[in-house]
Amino acid sequence: MLLKEGQVRIPSGCAVSAVISREGELMSGEKIVASMVPMHERSNGLGGGFAGYGIYPDMADFYAFHMFFTDKESKKACEYFLKEGFEIVKAEPIPVRKIPSITDEPLIFRYFLSPLRSRIADAQVDEREFVARAAMYINVRISGAYVVSGGKNMGVFKAVGFPEDVGEFYRLDEYGAYCWTAHGRYPTNTPGWWGGAHPFSLLDYTVVHNGEISSYDANRRYIEAYGYKCTLQTDTEVFTYIADYLLRRKRLTLEETASVIAAPFWTTIESRPLEERERLTYLRNIFSGLLVTGPFSIILGFDGGLMALNDRLKLRSMVVAEKDDKVFIASEEAAIRVLEPDAVNVRAPEGGEPVIVRVKEGKY
Amino acid sequence: MIILNARATDNAALNERVRAAKEDCEIVGCIGERFIGAGLSDKTINIKGIPGNALGAYLNGAKIFVDGNAQDAVGDTMNEGEIIVRGNAGDAPGYAMRGGKIYIKGNAGYRAGIHMKEYRGKSPVIIIGGRCGSFLGEYQAGGLIVVLGLNKDGKRIVGNFPCAGMHGGKVLLRGNADGVVFPDKVTARAATSDDVDYAKPHIQEFCRIFGLDEREVLSSPFTLVTPDSANPYKRMYVEN
């Protein structure tokens, strides 16, 4: 049996990379995959993954559920459940390229879904809540079925393997996205398995993470009180639910969300001007259970933008640069130089300082 | 001097070629190759491109020149030699170094000089031309760290929590360290001319290498940070 988080500890780093076009230009996945190569040593072949935004322009009105199934039974059970709440507009295997370095894959499918109005009305929730609940239901209740991603016009592609192999496996050179995020995994504490690879996703939110959440259990207990269930058995998952909770449900801004997750020290808060001090104190007090401690650098992707954030002590590296309308973020400058050799304004954000990039309105 | 192209070689193979070379090397096309010059005692290495993490780790007397930026952990645990960076450096340059010098023309990231120490006759030196991030000289036990603050971006010379856990060595900041908050267990005061004289030969050399006006750099007041006693944490854990 596969041992998961808490059942086994594998002491061991990770790599993240991202590119976004403020003009909404669609970029093939080729370069983001190549950007992971100089950071090869940061991964150990036990997980790699990518999130692409803007990849399904012809199906942009439908929720794209990327799914892993361990067997045909779990697929059947999941489809039975989906048909009750959604019109399945299209269902197909996600095209892959068979390569020797990626083996033992689950059944990998995608469903383009339109939630049934009547069922949304029955549930007395809004559409996004309805879809989020369906994803959560599948992960918790349908054995062997995992929602890899479930937003509109976006998708997550992940596997056990090195990121450059995962990119080839999923044929990412055939997709065009205005924003790509990437992850190479070096599992700390947990074994590498397909569901445990990054990015983690709920609706259009995706998270790639380099680090280890010391406060995982405190964060998990807090967020599970609001209907989320941590089922993928690895710490990064909780970031995704915290982002969904604070941004979608509590309607916090990205800046406020960053001030919750990577809240400054009280001594630092005391040194800020009155208005900011009050804001930071309020956020730290109200959402104390969502302060994430331990080393992390994360990139949160969402419809039309991304946010990069380091832990407040900056115990992981992150470099940001730009060129024309594009912004690049990675664990190492070398990765950025692969994406754009002539990138300028190369800088390392402070611990807890969010880097927020949005695509121009109407361009995505 | 022989020219080595870093493209299409991995870390280990590149380092093998550097070690095997009978003369000084220029590495071109560097893109994140790690551990360049690790443990090397006898050559000069010029680097074009972006060297990877732990550049010059355990360096033992060799000289390394980087044309652009360097990544994290430059000179990790180095023992002797020189690392000269014409751009910026990432986090933790000089991590646990105990000898030799690291000169960075631009800015440095978080934790510059963390765990730096002295060893017998050795006393390491780090000079940062621009500014640096938080936790400068964290747990510093020996040696000299100089930050000149010549950055033009208007940002403060050093981030939060400088010299946290410092129990040996010196930190010299150019200027009055306005707005910088130091921990209780260190003393920050205006440097005397004797204090500056101690660092002067290194600062002069730094200015010569990077073409800076040494008189202008040295005309400013400096702030000296030292631990309050030789062993301020003595009573915290055990009597010893």
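Counting only residues at least eight positions apart within a chain, or on another chain, the lysines with an alpha carbon under 17 Å from that of B:Lys170 are B:Lys101, B:Lys117, B:Lys122, B:Lys185, B:Lys200.
The mean sequence distance of close C-alpha pairs (under 8 Å, at least 6 residues apart), as a share of the length of the range B:140-230, puts its relative contact order at 37 percent.
Only helices enter this figure: runs of n ≥ 4 DSSP H residues, each worth -39500 (n - 2.57), summed and divided by the residues of chain B, yield -4500 deg cm²/dmol at 222 nm to the nearest 500.
Lys and Arg at +1, Asp and Glu at -1: add these up for the other residues within a Cβ distance under 14 Å of A:Tyr80 and post the number.
Values: positive: A:Lys72, A:Lys75, A:Lys76, A:Lys83, A:Arg141; negative: A:Glu73, A:Glu79, A:Glu84.
Result for the neighbourhood of A:Tyr80: +2.
Annotation: aspartates and glutamates with alpha-carbon distance below 13 angstrom to A:Lys75 (same-chain offsets under eight excluded): A:Glu92. Using only side-chain charges placed at the Cβ, +1 for Lys and Arg and -1 for Asp and Glu, the dipole size of the range A:93-192 relative to its Cα centre rounds to 280 debye.
Within a Cβ distance under 13 Å of A:Asp204, other residues only, what is the Lys/Arg minus Asp/Glu net charge?
Values: positive: A:Arg128, A:Lys152, A:Arg248; negative: A:Glu127, A:Asp244, A:Asp303.
With Lys, Arg at +1 and Asp, Glu at -1, the neighbours total 0.
Note on the range B:124-240: the alpha carbon radius of gyration divided by the globular reference 2.2 N^0.38 Å gives 1.07. Taking the centroid of alpha carbons for each part, the range A:280-320 and the range B:135-172 are 25 Å apart.
For the protein assembly as shown, a simple Cβ point-charge model (Lys and Arg +1, Asp and Glu -1, everything else neutral) yields a dipole of about 720 debye relative to the Cα centre. Our Cα-only numbers for the range A:251-364 put the radius of gyration and Dmax at 15.3, 44 Å. Taking a straight Cα-Cα cut-off under 24 Å and skipping sequence neighbours fewer than 8 places away in the same chain, the lysines within cross-link reach of A:Lys363 are A:Lys31, A:Lys152, A:Lys323, A:Lys326. Measuring between their Cα centroids, the range B:57-122 and the range B:25-41 lie 14 Å from each other.
Starting from one equal scatterer on each C-alpha and no solvent at all, send me the Debye-based log10 I(q)/I(0) for the range A:40-114 at q = 0.20, 0.22, 0.24 Å⁻¹, two decimals. The calculated log intensity ratios at q = 0.20, 0.22, 0.24 Å⁻¹ are -1.01, -1.12, -1.21. Positive-end ranking of B:Gly68, B:Val225, A:Phe130 along the dipole of the protein assembly as shown, with charges on Cβ about the Cα centre, is headed by B:Val225.
Placing unit charges on each Cβ (+1 for Lys and Arg, -1 for Asp and Glu) gives the range A:144-273 a dipole about its Cα centre, and among A:Gly227, A:Met154, A:Leu247 the Cα reaching farthest toward its positive end belongs to A:Gly227. Averaging 1/r over each pair of different alpha-carbon atoms in the protein assembly as shown and inverting the result gives 25.5 Å, the Kirkwood hydrodynamic radius. From least to most packed, judged by other beta carbons within 10 angstrom and beginning with the fewest, B:Ile84, B:Ile104, B:Ile127, A:Ile298 follow the order B:Ile84, B:Ile127, A:Ile298, B:Ile104.
Using only side-chain charges placed at the Cβ, +1 for Lys and Arg and -1 for Asp and Glu, the dipole size of the range A:229-364 relative to its Cα centre rounds to 380 debye.
Projecting the Cα positions of A:Phe65, A:Asn285, A:Ile102 onto the charge dipole of the protein assembly as shown (unit charges on Cβ atoms of Lys, Arg, Asp and Glu, taken about the Cα centre) puts A:Asn285 furthest along the positive direction.
Local charge sum around B:Asn160 (other residues, Cβ-Cβ under 13 Å, Lys/Arg +1, Asp/Glu -1)? Residues near B:Asn160 contribute +3 overall. How big is the gap, in Å, between the Cα center of the range A:20-51 and the Cα center of the range A:210-253? Cα centroid of the range A:20-51 versus Cα centroid of the range A:210-253: 24 Å apart.
The numbers here are math on the coordinates, done by the rules we state, and not lab data. Because the structure is a prediction, the values reported are computed rather than measured. We place every Cβ from the backbone using ideal geometry, glycine too, and count neighbours over all the protein chains shown.
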